[in-house]
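Shown next, in structure tokens, is the structure this report addresses.
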Amino acid sequence: MASITRQELELLIQLQDAELEAAKTEALLEQLPGQLAALDAELEKAFFLVREKKDTLDALKKEYRQLEADFESGQARIQKRKAQLHNVKNNKDYQALLKEIEDIRQSGSRKEDEMLGLLDTIEAAEKAVSHAEKHYAEQKTVVEEKKREMEESAASRRERFEELKEAASSISEMLDPKLKKRYCTIRNQSGGLAVVSVEDAVCRGCHLNIPPQTYNELHQGDELRYCPHCYRMIYVL
Ligand SMILES: [Zn+2]
């Protein structure tokens, strides 16, 4: 069994702490593009809502203009038929013309009612557009603020990540290469956690009991010992 000094053990623990925090920091940094994209998608939804409301309003206005045009052409036809009334030779044609004028007038009156109803709908649609625009503007401010905050915290995370990597590499240089190699092997096999404490005879890596003899020997603190269950390097505080 290899011997280990308290100082070496502490270096290993520091190395592990730096590496674990670096990994956590890196994982958080990797989430950033997705988080930014989610914010953009949220804003885009608000933008599409504005467009949808504007399209609805445009369609209603178009419908109104069509009704107006139809109504006006009806009025022109009425004037034309009225002029024709003077030239009609017999009563039958006269009555037919009168009926036609009345039909056009009634249809025009229905169009006017429809136009009046549409004006209310258009007013509501205009309100919906300005509501959606207001919501979009608010969302835009919120999203921009959130993105700015995220970028800022990402920048300080990046800085921290670099610090941790530097710390890890300078600690590594202080370690005995063989010990470092052993640490790396265990770390890679144990999900990043290679050195764990034993508390009340329980390994904090796998939460299983350490045999009493190993536990007693651990307190001497001069030999590098391993958990018999998870094979991690163990120590007592
Ligand atoms: Zn263990």
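The values are calculated or read from the model by the stated rules, or taken from the named source; none is laboratory data. Not measured: the values here are computed from a predicted model. With ideal geometry, Cβ positions are generated from the backbone for all residues, glycine too; neighbour counts draw on all protein chains shown.
Quick check on residue 126: is it under 30 Å from residue 32 (Cβ atoms), among the acidic types (Asp, Glu) and in the same structural domain as residue 31 (by TED's automatic domain parsing)? No; evaluated as a whole, the condition is false for this residue. Residues in region 74-85: is at least one closer than 30 Å to residue 158 by Cα, among the small types (Gly, Ala, Ser) and surrounded by fewer than 13 Cβ atoms within 10 Å (Cβ to Cβ)? No, that holds for no residue. Just so you know, in region 226-237 the residues that are of a type in the set (A, V, I, L, M, F, W, C) and farther than 18 Å from residue 188 by Cα include one that is nearest to the ligand (Cβ to nearest atom), and it is 236. Could you list all residues from region 191-207 that are farther than 18 Å from residue 17 by Cα, within 10 Å of the ligand (Cβ to nearest atom) and not in a loop (DSSP other than H, G, I, E, B)? Within region 191-207, 202 is the sole residue that qualifies. Residue 166 - would you say it is closer than 30 Å to residue 44 by Cβ and away from the ligand (no atom under 16 Å from the Cβ)? Answer is no for this residue.
Tell me whether region 147-166 contains one or more residues that are modelled with pLDDT of 95 or more, in a helix (DSSP H, G or I), of a type in the set (Lys, Arg) and farther than 30 Å from residue 28 by Cβ. Walk me through how you get there before you give the answer.
So the first thing to find is which residues in region 147-166 are modelled with pLDDT of 95 or more, and the list is 147-166.
So of that shortlist, the ones also in a helix (DSSP H, G or I) come out as 147-166.
Going one step further and asking which of them are of a type in the set (Lys, Arg), we end up with 147-148, 157-158, 160, 165.
Restricting the remaining residues to those that are farther than 30 Å from residue 28 by Cβ gives none.
Looking through region 147-166, none of the residues is modelled with pLDDT of 95 or more, in a helix (DSSP H, G or I), of a type in the set (Lys, Arg) and farther than 30 Å from residue 28 by Cβ.
Of all residues in region 208-225, how many are under 22 Å from residue 180 (Cα atoms) and within 14 Å of the ligand (Cβ to nearest atom)? Counting residues in region 208-225 that are under 22 Å from residue 180 (Cα atoms) and within 14 Å of the ligand (Cβ to nearest atom) gives 2.
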